[in-house]
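Report on one structure; see the data block that follows.
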Amino acid sequence: MFDRLISAVSPRLGYQREAYRVGLDDLRRQRSYAAGDRGRLNRDWRGDARSPDAAISGDLGLMRGRQRRMVRSNPLLAALKRNLIVGLIGDGITVRVLHDDPAVRERAQRRWDEFCARPLDGRDDFYGIQRQAASGLIDADCLLVWMPEDGKPDQRVMVISGDYLDHTLNQILNGGAKIVMGVEFDRSNRVVAYHIWEDHPGDLIMVNAGKRRRVDARDVDLVYERLEPGMTRGVPLMHASLETEHERSETKRAIRVKKRIEACLALFRRPGDGGEAFAWGEQEKRASGQYQEQLRPGMIIYGQPGEEAPTAIAPSSSGDGDGFLRTEAMQVCAGIGVPYHLGTGDYSQSNFTSMRSENIAYHARLDDWTQHTLDPSFIGPAFRRVMRLGVLEGDTELAKVRYEVLAPPRALTDPLKEIMAKVIEARAIPGAMARLLSAYGLDMEGAMKAQAEINTLIDKYGIAIDTDPRRVNGSGSLQPAAGYLRPKGDGDQALRSLLSQALGLIED
């Protein structure tokens with residue numbers, strides 16, 4: 001209004017004001033990112049400047065509950081969770097002990113293997129504990145509470161869900177300490193304790209309802225994925241896909257109801273040329289005076305000339321959104337990090353190249369979760385607990401051992417090609433053989449000892465097998481030093497036997 005008034009009084013001044021306004025708008029667009037545009041089209045696009053903990057705190061319980069409910073009743077999410085657990089844990093994540101002294105390394109490895117093999121919660125060994133922890137990680141987070149037994153520390157462990165850790169507990173303590181979502185920090189921002197409910201908040205029987213206990217951080221491992229710096233608690237792994245899958249499930253339900261209605265045959269009769277309609281089946285007179293007829297399967301109806309009986313709902317021929325549902329399922333799988341063909345079992349959209357590409361990326365994600373979430377959360381702490389107990393029992397050298405986490409072997413998409421690629425890698429890259437053996441849970445020295453024992457038996461009995469590169473080449477032919485196949489010590493006798501056989505054949 002003010003600009004129009006100025007333009008009416010002084011068109012020159014009005015033109016200048018409008019020109020400067022247009023130039024200022026162009027300058028703002030040049031100095032900003034498209035994602036920072038505040039124009040009319042992006043007016044309802046809001047950002048979130050809250051900290052990770054502030055964003056999680058209000059919605060953690062609801063998100064965890066929604067994911068659990070959908071996993072229990074939704075086939076796709078149930079399959080995705082199971083595939084994730086199998087991919088992460090498999091038959092168990094192992095540890096290879098590292099130390100310069102072979103004797104110390106062997107003692108530490110034996111102690112660790114004995115720890116992993118015994119029941120830790122009354123039922124599961126450490127590999128079963130890993131599976132429980134992976135399930136809790138997918139739900140958002142979980143806790144491993146370690147307990148002593150027979151006077152020894154850290155002999156038993158109990159895996160509890162993140163529901164036990166009160167995410168609504170936020171306090172400022174004396175001396176600069178604080179409690180954030182049930183996790184207590186000191187003034188240096190180090191975790192010192194966890195405030196855990198005595199009973200599950202949603203349990204059937206709660207003996208100590210509403211009571212919490214403070215557990216020292218040395219006895220607890222909190223397992224969660226730190227997606228952002230400063231995150232104190234985890235979020236459900238499927239959080240980005242829950243809304244999409246919920247709407248997809250509602251769409252499927254609507255299609256299912258539509259199919260049911262289409263299966264119910266309802267007819268509207270239109271009289272023929274004579275204008276009179278005879279009864280087809282059993283008639284029932286309504287309160288409105290209209291008649292309703294009921295037809296039974298197998299009836300043969302003779303209508304009048306020109307009479308029509310169209311159905312109330314025409315059957316759908318559009319495929320009922322198969323492409324849309326498939327696309328939504330792909331987005332759900334992508335948001336969770338599992339290939340579409342593994343999550344749905346639908347291989348119609350995949351070929352060998354695409355499956356191999358997806359599996360490579362999937363295995364990289366599994367390795368990332370293993371090395372950067374599972375290892376620092378509870379596998380590494382468990383290893384240090386086992387070694388610390390050995391030190392307390394007098395084996396002080398165990399304090400210096402290190403470890404390497406070995407993920408379970410991944411399934412091969414094309415075993416022949418991929419194994420040959422590993423053979424070439426082991427030959428071409430120095431030190432690659434040790435890394436390849438580690439991927440299968442083997443250390444270099446142990447593998448060489450096992451191979452030496454096999455070679456000794458092969459030499460003893462003079463056997464030639466195509467997996468022995470000393471005697472057979474890659475194409476299956478004998479190596480040039482074929483005489484090496486003869487058992488050691490009887491070479492001359494074998495040679496004389498061969499010569500006599502040859503001379504006998506010549507004489508014949």
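No value in this document is a laboratory result; all are computed from the given coordinates. Being a predicted model, the structure only gives us computed values, none of them experimental. Quick reminder, even Gly has a Cβ in these numbers, built from the backbone with ideal geometry, and neighbours come from all protein chains shown.
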Inter-site label distance for ARG286 and ALA35 at 7 Å from Cα along Cβ, in nm: 5.9
So if each residue of separation counts as 0.36 nm, and I subtract the Cα-Cα distance between ALA19 and VAL104, what length gain in nm does that give? 22.5 nm
Aspartates and glutamates within cross-link reach of LYS259: Cα-Cα under 19 Å, excluding same-chain residues under 8 positions apart? GLU247, GLU250, ASP320, ASP322
Once the Cβ-Cβ distance between ARG226 and ALA361 is put in as r, and R0 is 25 Å, what FRET efficiency do you end up with, to the nearest 0.05? 0.75
Just rank VAL191, VAL207, fewest to most, by other beta-carbon atoms within 10 angstrom. VAL207, VAL191
In terms of modelled amide H atoms, which long-range or inter-chain residues lie less than 5 Å from the amide H of TYR403? LEU98
Listed by chain and number, the residues whose amide H is under 5 Å from that of ALA140, excluding neighbours fewer than 5 places away on the same chain and using placed H, are LEU237
With R₀ set to 30 angstrom, the calculated FRET efficiency between the beta-carbons of LYS178 and ASP368, to the nearest 0.05, is 0.50
Difference of contour (0.36 nm per residue) and Cα-Cα distance, SER350 to ARG156: 65.3 nm
The exposure ranking of MET206, MET387, fewest beta-carbon neighbours within 10 Å first, is MET206, MET387
What is the spin-label model distance, in nm, from ALA240 to THR327 if the labels are put 7 Å beyond Cα along the C-beta direction? 1.9
For PHE2, PHE352, what's the fewest-to-most ordering of other Cβ within 10 Å of each Cβ? PHE2, PHE352
Distant-in-sequence amide H partners of THR94 (H built 1.01 Å from N, under 5 Å): LEU406
What FRET efficiency do you get for ASP124 and ALA217 if R0 is 30 Å and r is their Cβ-Cβ distance, rounded to the nearest 0.05? 0.80
Report, in listed order, any pair from LYS81/LYS417; LYS152/LYS449; LYS152/LYS211; LYS422/LYS449; LYS400/LYS460 with a Cα-Cα distance greater than 32 Å. LYS152/LYS449; LYS400/LYS460
